[in-house]
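Throughout, read-outs are computed from the coordinates displayed, never taken from laboratory work. Everything numeric here is computed off the predicted structure, so don't read it as measured data. Counting neighbours? That spans all protein chains shown, and the Cβs are built from the backbone with ideal geometry, glycine included.
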Amino acid sequence: MTYHQQLHPWCIVRLLSNMQQRVVVRFRRRNDAEAHLRILRQQTPNLHYDIMFDTAPDSAQQPHEG
């Protein structure tokens, strides 16, 4: 996870087929993400978006076993 991603944990994700998702944009605050989500849903009502809080740690920061 990059430093920018750590500073912007609120994500709008586009829901794709086969249980996949793609991050569209990231925000520092949830209310900013909600406002942007409303605009996206108005502009493209046939696509599915959702908000998520991304806290996935970077794989380089995880302790190694052994």
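Here are some notes:
- Whole-Hz couplings from phi, Karplus 6.51/-1.76/1.60, listed for the range 41-51; x for Gly and Pro: 5, 6, 6, 9, x, 7, 9, 10, 10, 8, 9
- Counted charge near Ile12, where neighbours are those whose Cβ lies closer than 12 Å (Asp, Glu -1; Lys, Arg +1): +2
- Annotation: amide H-H contacts under 5 Å for Val24 (H modelled 1.01 Å from N, sequence separation of 5 or more, or interchain): Ile12, Val13, Arg14.
- Shape call, the range 3-56: gyration tensor on alpha carbons, a/c limit 1.5: oblate
- Ile12, Ile51, Ile39 arranged by Cβ crowding within 10 Å, fewest neighbours leading: Ile39, Ile51, Ile12
- A simple rule links phi to the HN-Hα coupling: the Karplus curve 6.51 cos²θ - 1.76 cosθ + 1.60 with θ = phi - 60°, which for the range 11-23 gives 10, 9, 10, 8, 7, 10, 6, 6, 6, 9, 8, 9, 6 Hz, with x for Gly and Pro.
- Chain lengthening between Gln20 and Gln6 when straightened (0.36 nm per residue, less Cα-Cα): 2.9 nm
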